[in-house]
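Inspection log for the structure reproduced underneath, given as structure tokens.
Bear in mind these aren't lab numbers, they're just calculated from the coordinates by the rules spelled out. Quick caveat, the model's predicted, so the values are computed rather than measured. No Cβ is skipped: glycine too gets one built from the backbone with ideal geometry, and neighbour counts run over all protein chains shown.
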Amino acid sequence: MIELIEQVIKTNVPTKIFVGTLEKTQEFTTLVLQRYLCLKKSSEHSDLSECFCRECQNIKNRQHYNIMWLSPSKNYTVTDIDLILDKIRFVLDKNHKFFFILDNAHTLTTVTANRLLKILEEPPVGYNFFLLTTNIYNILPTIISRAYVLTFTGESRDSQIHPLLNIFCDKNFFEYSTEQLQGEHTGLRPVPSSPKLASQGMGGGCLPSEKHTGLRPVLLPLSSEFESILKKFKPTEIETIELLDDLLEYFIKLSSLESNKKIRDIINYIIKFRKMPPGPGSCDIFWKTFYLNFPI
């Protein structure tokens, strides 16, 4: 836990997203805030929860003057975001920090999320945002792309990367050059038509096509390696969702190291497919469509 806290502290990104149960993310956020604001700088306490200085007590009671903790009972409202806007108008003193904590950030509506995004794009110096969520898929991809994301998983699955994910995580796959697409690869097949896929029951008849993903269809080669792995492992509907979760987590972590438009496009792409999971018996065509349309 201490290593994770130090990792967050050293990250210069002002917006951070913590994914996990509300209890877990709130507990971790409290410890991070203590690490930032503790009068003793937590040097005397390896266990931050044991510190009872005035600052730490105020943090635990959510009464600290450098913290605004928002926890709406339902969805966020414009009034909630206006509280942030009113505070952020003030320029902080040098080396001074202020923290906004948003519980259940997945309950941001489209209006409130876009209103908040305007702040997150260029937050004034010293202001920090912690977004706590149990469901990152309901957060705008544009917000995710500007954030440092830390996920608290439950029971860990097999730590070995699934062979199917190895294909998408290989940079040689998602960094095709124009020359490669035009000359080196042959036999490129077009993206299957929507009616055909819809008739096979994918996502209840909803195809993640260009209309839904907001991304242009591309003509990637449907490699024999990919088809062989897909045929061998035959992921189920539940396994498909888990694999997409793992893939999203990989690219979110990658974006923290080398954020660029391509990686942001991929994150956006995965999230939109994740919201339209395959219907019964349609996993094969789902993964082929995912592969063929993958942004490059």
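Short version: ³J(HN,Hα) in whole Hz for each residue of the range 92-108, in order, from phi by Karplus 6.51 cos²θ - 1.76 cosθ + 1.60 (θ = phi - 60°), x for Gly and Pro, what are they?
After applying 6.51 cos²θ - 1.76 cosθ + 1.60, I find 7, 5, 4, 6, 8, 10, 9, 10, 10, 10, 10, 5, 6, 4, 5, 8, 5 Hz.
Using the Karplus equation 6.51 cos²θ - 1.76 cosθ + 1.60 (θ = phi - 60°), what ³J(HN,Hα) coupling, rounded to whole Hz, does each residue of the range 283-296 give in order, writing x for Gly and Pro?
Per-residue couplings from phi come out as 5, 4, 6, 4, 5, 5, 5, 4, 5, 5, 8, 3, x, 10 Hz.
Could you sort 129-136, 245-252 so that the peptide with the highest average Cβ count within 10 Å comes first and the rest follow in order? Could the numbers behind the result be given before it?
Working: 129-136: 21.5, 245-252: 19.5.
Ranked from most to least packed, the peptides come out as 129-136, 245-252.
Got a sec? How would Lys232, Lys272 order by Cβ neighbour count within 10 Å, fewest to most? Could you put the intermediate results ahead of the total?
Details: Lys232 9, Lys272 16.
Result, fewest neighbours first: Lys232, Lys272.
Select from the range 1-90 those GluC sites (Glu not before Pro) which occupy a DSSP coil region and have at most 12 other Cβ atoms within 10 Å, ordered by residue number.
Numbers: sites: Glu3, Glu6, Glu23, Glu27, Glu44, Glu50, Glu55; in loops: Glu44.
Loop-located and lightly packed - Glu44.
Could you tell me the convex hull volume per residue, in Å³, taken over the Cα atoms of the range 1-102? The partial results should precede the final answer.
Details: hull volume 12.5 nm³, N = 102.
Hull volume normalised by residue count: 123 Å³.
Please order Asp284, Asp82 by the number of other Cβ within 10 Å, starting at the fewest.
Details: Asp284 16, Asp82 12.
So the residues, fewest neighbours to most, are Asp82, Asp284.
Quick one: what are the phi-derived ³J(HN,Hα) couplings along the range 59-67, Karplus 6.51/-1.76/1.60 with θ = phi - 60°, whole Hz, x for glycine and proline?
Rounded to whole hertz, the list is 5, 5, 8, 6, 10, 6, 6, 9, 9.
Taking amide H positions as placed 1.01 Å from N in the peptide plane, with prolines and chain starts having none, which residues 5 or more places from Thr151, or on another chain, fall under 5 Å of its amide H?
Close amide H contacts, sequence-distant or interchain: Val19.
For Arg264, Arg89, which order do you get if you count the other beta carbons within 10 Å of each Cβ and list the fewest first? Walk me through the numbers on the way to the answer.
Working: Arg264 18, Arg89 8.
With the fewest neighbours first, Arg264, Arg89 line up as Arg89, Arg264.
For Phe98, what residues show an amide H to amide H distance below 5 Å, using hydrogens built from the backbone and excluding near sequence neighbours?
It is Tyr127, Asn128, by chain and number.
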